[in-house]
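The values are calculated or read from the model by the stated rules, or taken from the named source; none is laboratory data. Remember, it's a predicted structure, so these values are computed and weren't measured experimentally. Cβ atoms come from the backbone with ideal geometry, glycine included; neighbour counts cover every protein chain shown.
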Amino acid sequence: MHFYDHIPKIQYEGSKSLNPFAFKYYDPKEMIFGKPMKDHLKFSLAYWHTLTGEGIDPFGKATMEREWDTITDPIERAKVRVKVAFELMEKLGMEYFCFHDRDIAPEQETLAETNRVLDEIVAVIEQEMKRTQIKLLWGTANLFANKRFVNGASTSPNADVFAYSAAQVKKALEITHRLNGAGYVFWGGREGYETLLNTDMKLELDNFARFLHMAVDYAKEIGFLGQFYIEPKPKEPTKHQYDFDSATVISFLHQYGLDKDFKLNIETNHATLATHTMNHELRLAADNGFLGSIDANQGDLLLGWDTDQFPTSIVDATLVMYEVLRMGGFTTGGLNFDAKVRRASFTKDDLLIAHIAGMDTYAAGLRIAAKLWKDQVLETNLKQRYRSYTQGIGKDIVENKVGFKELSAYVMNKNTLEPNEPGKQEWLESIINQYMIG
Ligand code: XLS
Ligand code: NI
Ligand code: NI
């Protein structure tokens with residue numbers, strides 16, 4: 001069963017091409033620092049937005065027009081969606097995908113029955129993975145859509161819901177393991193609160209950590225060696241999500257002894273919701289050894305919610321790829337397009353066009369970032385700016401050789417300090433422009 005026979009496999013045609021079904025910047029085989037572009041970028045398809053997104057918003061119903069959605073039997077529809085997903089990935093030359101348990105298979109009356117249907121769909125996915133060599137970047141569980149999660153999942157005040165969530169993640173880990181997933185993501189879903197008036201924050205956070213420890217223990221038990229990630233987000237759906245941003249998550253992981261087992265999956269739109277730039281989030285995680293994977297999308301800064309748009313800003317993509325190169329590239333992670341087409345982009349061809357736009361944006365960003373990294377312009381400026389810490393008193397400070405008494409003695413007899421230098425922000429910003437345009 002095919003749905004895209006009218007469009008040939010997407011090819012690289014170069015930046016002059018106006019063919020909407022061609023790559024302008026993404027040339028998967030192009031070598032950058034001895035590695036093909038595709039292995040730097042590790043693009044992944046987000047099953048939820050692409051296969052199950054309907055185009056609903058708070059004011060309007062579904063708008064998407066896709067023939068596979070007209071199949072009335074939900075299990076049959078789920079099986080056909082698997083075929084569509086792999087057809088799309090093959091057309092795009094995309095080598096990875098990510099899913100929630102409930103994206104791939106519909107929920108049934110009981111958990112036992114849900115799991116049985118899930119296994120049936122996983123078998124279809126398994127066959128398609130074998131046929132295409134496409135891999136699972138990460139799996140996750142949807143612990144937010146069903147009304148049982150109204151007060152949270154592992155942070156619910158209801159212990160039965162905690163137990164149900166554990167059972168669901170247990171199964172999600174098993175299928176992720178079965179499909180040889182490179183990772184498993186915890187996105188907080190409804191782990192947060194609406195008002196502190198009814199919330200025991202201490203117990204909820206302790207329970208959240210307990211839950212994550214149980215997941216780590218169970219993964220060991222079944223031999224799942226994939227990377228665990230937490231995906232920070234500050235708000236939405238709850239007013240306050242516990243996994244607010246990189247800094248909050250990193251300190252939580254340290255506090256609860258989870259820092260060796262988790263990395264971060266950082267999403268652009270979540271960074272901006274937390275009023276940070278994406279590079280702030282990435283840099284903080286990378287500097288502390290926590291940068292694992294990226295949900296590559298973009299928000300609309302004029303709107304205060306998670307619009308999950310396909311990334312089309314080359315400046316932003318450049319700065320993201322700069323951080324990835326700076327940390328030496330992805331290991332288990334990749335760039336997952338956690339992005340949905342706008343509700344007015346309702347044809348099935350829009351799915352291809354949107355992914356091409358995202359892939360080209362990141363390919364262009366990678367090329368520019370690679371030039372910047374190769375020339376080390378920013379790094380050279382940094383070295384120069386912080387050179388006072390490589391000699392004299394600065395060296396003593398970073399080598400922890402001095403305290404307040406020594407520092408006080410040092411400045412007491414000095415009548416002039418080393419002069420401050422300008423920060424050169426405008427010059428540095430214009431360098432980014434120069435590297436972008438050439
Ligand atoms: C929602 C999150 C979600 C995660 C996976 O805002 O981005 O899509 O990536 O649960
Ligand atoms: Ni999001
Ligand atoms: Ni995400």
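Within the range 299-325, the set of residues being closer than 27 Å to residue 54 by Cα and within 16 Å of ligand 2 (Cβ to nearest atom) comprises 299, 300, 301, 303, 304, 305, 306, 307, 308, 309, 310, 311.
Yes or no, residue by residue, for (1) within 16 Å of ligand 1 (Cβ to nearest atom); (2) within 26 Å of residue 259 (Cα to Cα); (3) β-branched (Val, Ile, Thr); (4) modelled with pLDDT under 95:
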| site | (1), (2), (3), (4) |
| --- | --- |
| 302 | no, no, no, no |
| 308 | yes, no, no, no |
| 313 | no, no, no, no |
| 318 | no, no, yes, no |
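Among the residues of the range 219-271, the ones that are in a strand (DSSP E or B) and away from ligand 1 (no atom under 16 Å from the Cβ) come to 0 in all. Would a scan of the range 59-74 turn up a residue that is surrounded by 14 or more Cβ atoms within 10 Å (Cβ to Cβ), without any contact (Cβ under 8 Å) to a residue 24 or more places away in the chain, charged (D, E, K, R) and assigned to a helix (DSSP H, G or I)? Scanning the range 59-74 turns up at least one residue that is surrounded by 14 or more Cβ atoms within 10 Å (Cβ to Cβ), without any contact (Cβ under 8 Å) to a residue 24 or more places away in the chain, charged (D, E, K, R) and assigned to a helix (DSSP H, G or I). Out of the residues in the range 343-365 that are in contact (Cβ under 8 Å) with a residue 60 or more places away in the chain and part of a loop (DSSP other than H, G, I, E, B), state the one that is surrounded by the fewest Cβ atoms within 10 Å (Cβ to Cβ). Filtering first and then ranking leaves 344.
From the residues in the range 280-307 that are crowded, with 20+ Cβ neighbours inside 10 Å and among the small types (Gly, Ala, Ser), which one is farthest from ligand 3 (Cβ to nearest atom)? Among those that are crowded, with 20+ Cβ neighbours inside 10 Å and among the small types (Gly, Ala, Ser), it is 286. Of all the listed residues (416, 380), the sole one being more than 29 Å from residue 10 (Cα to Cα) and assigned to a loop (DSSP other than H, G, I, E, B) is 416. Given the structure, is residue 266 within 14 Å of ligand 3 (Cβ to nearest atom) and either surrounded by 20 or more Cβ atoms within 10 Å (Cβ to Cβ) or within 15 Å of the chain's Cα centre (by Cα) (or both)? Criteria met by residue 266. Summed over the range 223-239, the residues that are away from ligand 2 (no atom under 16 Å from the Cβ) and surrounded by 14 or more Cβ atoms within 10 Å (Cβ to Cβ) give a count of 4.
Restricting attention to the range 20-69, which residues are more than 16 Å from ligand 3 (Cβ to nearest atom) and within 18 Å of the chain's Cα centre (by Cα)?
Across the range 20-69, the qualifying residues are 38, 39, 40, 41.
The residues listed here are 166, 159; of these, the one that is small (Gly, Ala, Ser), away from ligand 1 (no atom under 16 Å from the Cβ), surrounded by fewer than 20 Cβ atoms within 10 Å (Cβ to Cβ) and in contact (Cβ under 8 Å) with a residue 24 or more places away in the chain is 166.
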